[in-house]
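This report concerns only the one structure given below.
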Amino acid sequence: MMQLYYIEFRAMGCRVEIQLETDADGLKILNTMPARLEDYEAILSRFRVDSELSHLNRQAGQWVSVSETLFKAVKHAKHGARRTDGFYNPLILNQMVANGYVDSFDQVHQPVSIQSQPAEGWQKIELMPESYDIRLPANSAIDLGGVAKGWVASEIAKDLSHYGACLVNIGGDITVTDAPTGQAGWEIEIDDPCSGTNLLTLSLTNTTVITSGVDYRRWTTADGINRHHIIDPRTGYPAQTDVLTVTVIHPHAPTAEVFAKAVLLMGSQAGLAWLYEHWRTKALVIRRDGCVMATRNFQNLINKNSILYTEGELS
């Protein structure tokens with residue numbers, strides 16, 4: 001008999017929610033998930049000095065043999081940089097640290113401002129697929145926060161889909177598979193960052209939903225300068241943008257992740273215009289002035305299968 005099972009816990013510095021509909025022992029299956037996320041974090045976290053990623057960063061300039069998991073994550077990151085012409089650049093860790101994002105966000109305490117600089121060119125990341133070797137540019141450091149959560153969510157969802165329909169949400173980066181029994185899809189809520197209320201609810205299957213924004217993970221340095229965690233690789237400083245949040249829907253999780261960052265960095269008009277070149281991508285932008293904008297295929301998605309809670313018009 002099919003049943004819907006649910007688990008919630010913290011991992012990768014955020015809240016994790018997983019739902020699974022299955023006729024197997026869903027509770028037993030989901031109870032393995034915290035350890036699974038812990039394994040990913042031990043490889044991909046830049047906040048752990050003993051993680052595999054930190055080990056790679058300490059050897060920048062040298063060839064380093066890595067696990068298949070880390071190799072795939074870095075490969076996705078480099079590919080994402082290529083697809084966005086460098087608006088997303090994973091070689092941003094030194095710039096994040098320079099701006100005060102040294103520890104996990106709940107431990108950021110009024111860091112002192114120091115000078116930053118543009119990120120190293122992503123093209124200098126070297127990969128050897130045959131042996132899972134990576135060489136980062138000397139004096140650089142990679143941060144996988146721009147792709148890791150969405151990619152991990154999609155990997156877990158792919159594995160869980162063998163048991164039944166599922167939803168995996170890692171800090172708001174969501175992957176869904178087939179719809180649960182009797183439903184058209186999984187209901188995904190998109191919030192209004194200005195009011196904190198629900199803006200709309202989408203019914204989705206077999207895709208990824210990524211939201212990126214400058215409305216959270218903000219801090220003030222000891223000398224009174226406001227910072228947020230979306231760093232512009234062209235300057236080395238927090239992005240100057242009219243976008244407050246952007247939500248991207250795409251079947252490929254790493255692509256959704258990097259496209260969201262690119263739109264945020266490009267700005268609302270240029271970013272949405274750029275997305276029209278990528279027909280499989282749907283996006284919704286909420287600007288700092290409260291204006292809500294969307295690609296045409298996102299608007300079509302709303303018209304077909306969602307509940308719109310706002311009285312404002314999409315433009």
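The values are calculated or read from the model by the stated rules, or taken from the named source; none is laboratory data. Because the structure is predicted, anything quoted here is derived from the model rather than measured. FYI the Cβ positions are ideal-geometry reconstructions off the backbone, even for glycines, and counts take in every protein chain you see.
Note on the range 1-36: among residues that are small (Gly, Ala, Ser) and either in a strand (DSSP E or B) or at positive phi (or both), the one that is surrounded by the most Cβ atoms within 10 Å (Cβ to Cβ) is Ala11. Cβ-Cβ contacts under 6 Å between residues 6 or more apart (or on different chains), taken from a first residue in the range 207-222 that is closer than 19 Å to Ala153 by Cα and crowded, with 22+ Cβ neighbours inside 10 Å to a second residue that is among the acidic types (Asp, Glu) and at pLDDT 55 or above, are listed as Ile210/Asp173; Ile210/Glu257.
Working only within the range 184-206, note down all residues that are within 15 Å of Ser154 (Cα to Cα) and either touching a His at 6+ places or on another chain (Cβ under 8 Å) or surrounded by fewer than 20 Cβ atoms within 10 Å (Cβ to Cβ) (or both). Correct list: Thr205, Asn206.
Within the range 229-247, the set of residues being in a loop (DSSP other than H, G, I, E, B), within 19 Å of Asp173 (Cα to Cα) and of a type in the set (A, V, I, L, M, F, W, C) comprises just one member, Ile230.
In this structure, is Asp50 at pLDDT below 95, farther than 26 Å from Ser161 by Cβ, of a type in the set (D, E, K, R) and out of contact with any Phe, Trp or Tyr (no Cβ under 9 Å at 6 or more places or on another chain)? Even if it seems obvious, please write down each step before you answer.
Details: at pLDDT below 95: no; farther than 26 Å from Ser161 by Cβ: yes; of a type in the set (D, E, K, R): yes; out of contact with any Phe, Trp or Tyr (no Cβ under 9 Å at 6 or more places or on another chain): yes.
Here the answer is no, as Asp50 does not meet what is asked.
Looking across the range 156-181, the residues that are surrounded by fewer than 18 Cβ atoms within 10 Å (Cβ to Cβ) and in a helix (DSSP H, G or I) come down to Lys158, Asp159.
I'm trying to understand the selection: among the residues of the range 288-298, which are touching a helix residue (DSSP H, G or I) at 6+ places or on another chain (Cβ under 7 Å) and either among the hydrophobic types (A, V, I, L, M, F, W, C) or at pLDDT 95 or above (or both)?
Step one: of the range 288-298, the residues touching a helix residue (DSSP H, G or I) at 6+ places or on another chain (Cβ under 7 Å) are 293, 295.
Answer for the range 288-298, where residues must be touching a helix residue (DSSP H, G or I) at 6+ places or on another chain (Cβ under 7 Å) and either among the hydrophobic types (A, V, I, L, M, F, W, C) or at pLDDT 95 or above (or both): just Met293.
Looking only at residues of the range 220-246 that are modelled with pLDDT of 55 or more and of a type in the set (A, V, I, L, M), we find that the one that is farthest from the chain's Cα centre (by Cα) is Ala222.
Filtering the range 33-83 to residues that are among the β-branched types (Val, Ile, Thr) and under 18 Å from Ala138 (Cα atoms) leaves Val64, Val66, Val74. Applying the criterion of being modelled with pLDDT under 80 and in a loop (DSSP other than H, G, I, E, B) to the residues of the range 200-219, the residue that is nearest to Leu284 (Cα to Cα) is Asp215.
Flag set for Asp106, criterion: modelled with pLDDT under 95 and surrounded by fewer than 18 Cβ atoms within 10 Å (Cβ to Cβ).
Looking across the range 1-47, just one residue is among the hydroxyl-bearing types (Ser, Thr, Tyr) and in contact with a Phe, Trp or Tyr (Cβ under 7 Å, 6 or more places away or on another chain), and that is Thr22. Ile43 meets the conditions (1) more than 21 Å from Asp159 (Cβ to Cβ); (2) touching a Ser or Thr at 6+ places or on another chain (Cβ under 6 Å); (3) part of a helix (DSSP H, G or I) in every case but one. The failed one is (1).
Taking residues in the range 54-82 that are more than 23 Å from Ala253 (Cβ to Cβ) and touching a residue at least 40 places away in the same chain (Cβ under 8 Å), and partners anywhere that are acidic (Asp, Glu) and not in a helix (DSSP H, G or I), the pairs with Cβ atoms closer than 7 Å and at least 6 places apart or on different chains are Trp63/Asp133; Val64/Asp133; Ser65/Asp133. When the range 182-199 is filtered for residues that are in contact with an Asp or Glu (Cβ under 7 Å, 6 or more places away or on another chain) and not in a loop (DSSP other than H, G, I, E, B), the ones remaining, listed by number, are Asn198, Leu199. If you go through the range 27-73 and keep only what is more than 21 Å from the chain's Cα centre (by Cα) and hydroxyl-bearing (Ser, Thr, Tyr), you end up with Thr32, Ser65, Ser67. Cβ-Cβ under 9 Å, sequence separation 6+ or interchain: first residue in the range 283-300 and touching a residue at least 24 places away in the same chain (Cβ under 8 Å), partner of a type in the set (A, V, I, L, M) and assigned to a loop (DSSP other than H, G, I, E, B). Which pairs? Listed by first residue and then by second, the contacts come to Leu284/Leu314; Arg288/Val214; Val292/Leu314; Met293/Leu314; Phe298/Leu314.
Determine whether the range 260-267 contains at least one residue that is part of a loop (DSSP other than H, G, I, E, B), out of contact with any Cys (no Cβ under 7 Å at 6 or more places or on another chain) and at pLDDT 80 or above.
Of the range 260-267, the ones part of a loop (DSSP other than H, G, I, E, B) are 267.
Retained after the next criterion (residues that are out of contact with any Cys (no Cβ under 7 Å at 6 or more places or on another chain)): 267.
When the remaining residues are screened for being at pLDDT 80 or above, the result is 267.
Taking every residue of the range 260-267 in turn, at least one turns out to be part of a loop (DSSP other than H, G, I, E, B), out of contact with any Cys (no Cβ under 7 Å at 6 or more places or on another chain) and at pLDDT 80 or above.
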